[in-house]
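For reference, the structure is listed below as structure tokens.
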């Protein structure tokens, strides 16, 4: 299920109708930095009559490549659905995220951020998984960016136990 902000991103063009790749990259960077949960490519009303199938395919490939450069981090959190308490240490799974030399320290720090975020949430927040996911995403994004100067895509997963 999708939640959060899914942006129907405009496809920037220059005067001759060609795609403006520099503006495209800036738009992606902006939406990732601001915590958008997803991007709908060619999703506004103006693209369909203007973009060819080849251009849409190129946008999709470029988008995936651009977003993959900083990798993906998936914090997996087992939470008791009755108490809201974390049942075990969070797992931190990474793909394409090549942090500094201190990988174990970075992962342990990420675990601590996740634990602290959930533990400091109030009872009402602990019953709303979308709120917890967003808080974890925001806090982990801030921590990882500060430690590595990278902005991986963060996809929190909550397992109800």
- [ ] Just give me the residues in segment 7-23 being in a helix (DSSP H, G or I) and without any contact (Cβ under 8 Å) to a residue 40 or more places away in the chain, in sequence order.
- [x] 22, 23
- [ ] Within segment 82-93, identify whether any single residue is in contact with a helix residue (DSSP H, G or I) (Cβ under 6 Å, 6 or more places away or on another chain), at pLDDT below 85 and over 30 Å from residue 13 (Cα atoms), and answer yes or no.
- [x] yes
- [ ] Sort out for me the helices (runs of 4 or more DSSP H) sitting completely within segment 47-161 that have 3 or more residues that are in the same structural domain as residue 10 (by TED's automatic domain parsing).
- [x] 53-68
Open item on the list: All but one of (1) farther than 27 Å from residue 28 by Cβ; (2) surrounded by 16 or more Cβ atoms within 10 Å (Cβ to Cβ); (3) out of contact with any helix residue (DSSP H, G or I) (no Cβ under 6 Å at 6 or more places or on another chain) hold for residue 123; state the number of the condition that does not hold.
Closed with: (2)
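The values are calculated or read from the model by the stated rules, or taken from the named source; none is laboratory data. Predicted model, so just to flag it, every value in this text is computed and none were measured. Glycine gets a Cβ as well: all are built from the backbone with ideal geometry, and neighbour counts include every protein chain shown.
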